[in-house]
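This report refers to the structure that appears directly beneath it.
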Amino acid sequence: MDKEIPDTFRYTGKFPNPIRIGIYNGGWVTLENLLSMSSKHIEIGKSKFSEEDINRYLKIWMNGECSRLQYLAINMESVSLRKVIDGIQGATLINEERTFTWGTLFGTPDTPVQITHGYNIVNVNGVMATVIKRRFLTGLAVCVCVWPDVHNNFFELFKYFFEIEKKYVGQNKFSSY
């Protein structure tokens, strides 16, 4: 559906939770709507979200909610990553090239997301995500890429710790959480 939705439209019902949800004209989507989505892959175009809204979402994700999320892209009028990660404990600036692949849509592989700059964050469950700014649909977007991706690619530091844990948990040298 490529129709403009009136600014007065509000949706308060429960969202269906397919694996992937995409809303091209997402000016009506609120933070409460976003928090009610438990899809793995969420894309919202033409949103009216602010950096503060995304910051609030990330803080909720950091507390272990929205745990199914693997990829989030929200098209916004302006994007300042510093505002998006403001006050998030442990956010670490990265300047290295990485490739994140979410999966496939109708059997066609997604275009991988090229990451060259962003912030790594880790939630209370030890799950890492990289928050980036990139071109998306009608302009810029904040994207959240949760590791590992569909090809089991980890952010390198986490890959190291995952391999150590896998080795020792398999030998019962320490217990898992």
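The values are calculated or read from the model by the stated rules, or taken from the named source; none is laboratory data. Everything numeric in this text was worked out from a predicted model, so none of it was measured. No Cβ is skipped: glycine too gets one built from the backbone with ideal geometry, and neighbour counts run over all protein chains shown.
Key figures for this structure:
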read-out	value
Gly139 vs. criteria under 25 Å from Gln89 (Cα atoms) and at pLDDT 50 or above	no
Test: residue in the range 33-50 that is buried (at least 20 other Cβ atoms within 10 Å of the Cβ), of a type in the set (Ser, Thr, Tyr), under 13 Å from Val144 (Cα atoms) and in contact with a strand residue (DSSP E or B) (Cβ under 8 Å, 6 or more places away or on another chain)	no
Unique residue being outside any loop (DSSP other than H, G, I, E, B), in contact with a strand residue (DSSP E or B) (Cβ under 6 Å, 6 or more places away or on another chain) and among the β-branched types (Val, Ile, Thr) when the list is Ile54, Ile60	Ile54
Filter result (closer than 12 Å to Tyr119 by Cα and of a type in the set (Gly, Ala, Ser)) within the range 81-91	Gly90, Ala91
Glu65 being in a helix (DSSP H, G or I) and either surrounded by fewer than 17 Cβ atoms within 10 Å (Cβ to Cβ) or over 17 Å from the mean Cα position of the chain (by Cα) (or both)	no
Output for the range 81-103, where each listed residue is surrounded by fewer than 11 Cβ atoms within 10 Å (Cβ to Cβ) and modelled with pLDDT under 90	Asn95, Glu96, Glu97
Filter result for the condition that a residue is surrounded by 20 or more Cβ atoms within 10 Å (Cβ to Cβ), of a type outside the set (Val, Ile, Thr) and closer than 18 Å to Ala141 by Cα, over Asn25, Asn75	Asn75
